[in-house]
Amino acid sequence: MAFDTVLVANRGEIAVRVMRTLREMGLRGVAVYSRADAGAPHVAAADMAICIGDGPAQESYLCPGQILAAARESGAGAIHPGYGFLSENAGFAEAVEEAGLVFIGPPAQAIRSMGNKAAARRLMAAAGIPCVPGYDGADQSDAAFAAEAGRIGYPVMVKAAAGGGGRGMRLVRAVEELPEALAQARSEAAEAFGSDELVLERAVENARHVEFQVFADAFGNVVHLGERDCSVQRRHQKVIEEAPCPVMTSDLRNRMGQVAVEAARAVGYRGAGTVEFLLDESGGFHFLEMNTRLQVEHPVTEMVTGLDLVAMQIRVARGEALGIAQEDLRLAGHAIEARLYAEDAANGFLPATGRIELWRPAKGDGIRIDSGIASGFEVTSFYDPLLAKIVAHGATREEARARLLRAVRDSVVLGCVTNAPFLAEALARPEFAAGQATTGFLDRAFPRGFSPAGPDVRDFALAAALLMRAGQRAAMARAGFIARDQLGWSSAPLLPRDLALEAGGATVHLRIGARPGGWHVQAGGEEFGIAMDEGGEDGPLTVRIDGCAFEAVARVSGGRVHLALGGRRTTFRRLRAGAADGAEGAGGLIRAPMPGLVREIAVRPGQAVEKGDTLAILEAMKMQHRIVAVVSGTVTRLCVEAGQQVAAGTVLAELEEN
C-alpha cells in the first residue's frame, strides 16, 4: 500500500488543506481542476495540476473516469476525495481500487451501508443503536409519506436518503405543507445525489446536533476523538461548530462515544468518519447518520486534540495501525469554527458570486484559517458557496469565542458579498456566548431575518474620497513623471465635483473638492474633512475624518468602492446619468437574483398569482431557490424556459400588478 503521490479529487479550501499535509509528510500532491478553477489556489498549492473538464461539477469534479485518467497521467498511487463531490460514492471508491490505486477513505461497503439514510437507520436499529422515530420504507408515494407523517406526528423532517449538507431536506410543520416539500426535496436530491429516495424523521426541535469523530484502522482498532457541537445551523446547513460541546459531561461523552464506536464497528469501518446524534434537553440522544468521510468542521477537533486527521487518514490508508488508544485521548481547551460563505445574509441568504477584489485573512494567537480563495479569484455559481473556515482556539470557551469574533471582523473579503457580518452578530449574541445555542438558535436570534446596519453618511463621504483618490492616481500614472513638490499645485482653486453613490439601497448625493493633504466632502447636509495615508497594496489605510483616526481597508474598481470598516463590508456604486437600477421586481420585472439554472417554471402566461407564490425554481451553488412573486398580479410574459442557464439580473417573468 505504499505510495508517494496523492491526487486530491476536490477543490477549494479542503483541497488546499489536504495539500498542506501531503507536503508536510513529504508526499507529492496532484490537483484536478475545472476550467472555471484554472487560477484557483488549490491548483497553485499542488506539485502538479490536471484539467478535467468544464465548470459545472457534472462535467468535471463528479466525473470518475476523468479523475482516474488524471491519476494515471500523474502517476498517483492514491486518491484523497476530500468531502462532497465523490467522497461518499461507493462506486467511485470501488473504481479507484479496481484501478490499482488506494482510496484514502473507508471501504466501499461501509460507504454504501451508511450513505443511504434509510439503510443506515435499519442497520443501526438492528445493532441496538437508538434512532430518531421515522419512516425509511420502500413505498415512496406521497400517500405513504402522508400516512407515516401522521403516525410520527408533526413537525417532521423530509430528508434525501442518499445525501446530506442540507440538500434535499425540508422541515414540514403541517400536512398541507407536505406535498410541496416532497416535490422540492425529490428534485433537489435527484440533482445533487442522483437519487430521489426520501426518508421521514420526527423533527426534534431545540435539540443539540452533536457528532463524534471516529477513527478505525485495518486491525480492528476503533476510537473516538471526542465530540463537536454543530447546533448552529441555517436551513439545515452548519454555520458554527465547536469542540467540546458546552453541555457535555464525562459520563455522557463516554456513553455517546461508545455508541459511535459501536456504529463504526457495525459496518466494518476504516479511516475517518463521523457519527451524528441529536441530543435532547434531558440528555437523551438519537442516531441521525454517519458521514463516511472527513468533515468540514474537522479543524476544531484537530485544535483540541493536537492531531492531524488528514495525516491519520493517510497512515491508515497505507496499512498502518492507529497508534492511539481511547485512554490516550486528551482534550485541551476549546475551539470554535465559523464558515465564511459567499452569500447575502441581508437578502435572504441568497448565494453570491463575483470577483474577489481582496482577500486578507486575519492573523493572531490561536487563529487558523483554511481557505480556497485569493485576491482576483472569481466566485461562480457552479460550486458550494463555502469560501473559508475561520477557527479560533483558547484555553476556555470564552477566550476562543472572543478570538473568533475578532478574527471574523478582521478577515476581509472585498468584491464578493459574504456572511461575515451575520457570523459576527451570531457569535456576539448572549445565547451563543452562554453556550446555550441549540438547533433553533438562529431562528430565535433572527426571527425576521438578518438586517445589518447600513453605511452612514460618513461612510459615503469616505467612499467618495477614495473614488476621487483612485481617479487622481490613474491620471498621474498616465501623465508620466511629475516632481513631488508639484503634486496638487494649481494656479487656480480646484473646482469641487458633484457625484452620487449608491449602497445598500440608499443613494447619497455628494460634493467633493481637493484641499491640502486631503479632501473636503459635503454630503447629507454635513461636511467632512478627510485625509488618509498611502497604505500598502493590501493593507489597511489610516483614515482621519475631522480629527478622528481609524483603520479601513478598501479597493476601487470599475466605478465601485469596496470598503471594510470594522465588521461592515460595503460596496458603493457610482451612479451615472441614465443608469438602470436593475432591482429584482422593479417595474413588474422578476429577475434572477443570482446566476443559475432554471430548474422549473411554475406558472403560465395569464395566470393570476398572489404575493409570495412560487414562479420558478432556480438552482445555484447546489441548492434550489424559490423565485416568488413580489406583488399580487397576473403573469403577462415568461422570458425563460426550464433548463436554461441564466445570469444574475436576467428577467425571468413579467407581472402586471393588481
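Summary of values
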| item | result |
| --- | --- |
| Whole-number D in µm² s⁻¹ for segment 275-362, Kirkwood Cα-pair radius fed into Stokes-Einstein, 20 °C, 1.002 mPa s | 125 |
| Least to most buried among Tyr341, Tyr33, Tyr154, Tyr83 (fewest other Cβ within 10 Å first) | Tyr154, Tyr83, Tyr33, Tyr341 |
| Cα Rg, Dmax (largest Cα-Cα span) when computed across the chain, Å | 26.6, 90 |
| Stretch gain in nm, segment Asp546-Ser195, where the contour uses 0.36 nm per residue and the Cα spacing is subtracted | 120.2 nm |
| Stretchable slack from Arg515 to Ala38, in nm (0.36 nm times residue separation minus alpha-carbon distance) | 167.2 nm |
| Share of alpha-carbon pairs per 5 Å distance bin for segment 586-657, given as whole % | 4, 20, 33, 25, 14, 4, 1 |
| Helix 457-479 vs. the chain, principal-axis angle (Cα, 0 to 90°, nearest 10) | 70 |
| Backbone HN-Hα couplings from phi across segment 173-190 [Karplus 6.51/-1.76/1.60, Hz, Gly and Pro as x] | 9, 8, 4, 6, 7, 5, x, 5, 4, 5, 4, 5, 5, 4, 4, 5, 5, 4 |
| Leu350 long-range amide H proximity, modeled H, under 5 Å | Asp344 |
| Ranked by how many other beta carbons lie within 10 Å on average, peptides 465-471, 239-245 from highest | 239-245, 465-471 |
| Expected 222 nm ellipticity per residue - DSSP helices of 4 or more, -39500 (n - 2.57), all of the chain, to 500 | -8000 deg cm²/dmol |
| Spin-label pair Thr249/Asp54, simplified geometry with 7 Å Cα→Cβ offset, distance in nm | 5.9 |
| Debye, to nearest 20: dipole size of segment 594-658, +1 on Lys, Arg Cβ, -1 on Asp, Glu Cβ | 200 |
| Segment 6-154, Cα convex hull volume normalised per residue, Å³ | 158 |
| Beta bridges per DSSP with both ends in the chain, % antiparallel, nearest 5 | 90 |
| Stretchable slack from Leu329 to Gln140, in nm (0.36 nm times residue separation minus alpha-carbon distance) | 63.7 nm |
| Relative packing of 60-66, 273-279, 196-202, 604-610, which averages over residues the other C-beta atoms within 10 Å, highest first | 273-279, 196-202, 60-66, 604-610 |
| Computed label-point distance, nm, for sites Arg604 and Ala477 using a 7 Å Cα→Cβ extension | 5.6 |
| The chain: angle of helix 397-410 to the longest principal axis, Cα-based, in degrees nearest 10 | 40 |
| Of Tyr341, Ala110, Ala76, farthest towards positive along the dipole that unit charges on Lys, Arg, Asp, Glu beta carbons give the chain | Tyr341 |
| Positive dipole terminus of the chain, leading residue within Leu86, Ala616, Tyr33 (C-beta point charges) | Tyr33 |
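The numbers here are math on the coordinates, done by the rules we state, and not lab data. These figures come from a predicted structure and were not determined experimentally. Cβ sites come from the backbone with ideal geometry, for glycine too, and all protein chains shown count toward neighbours.
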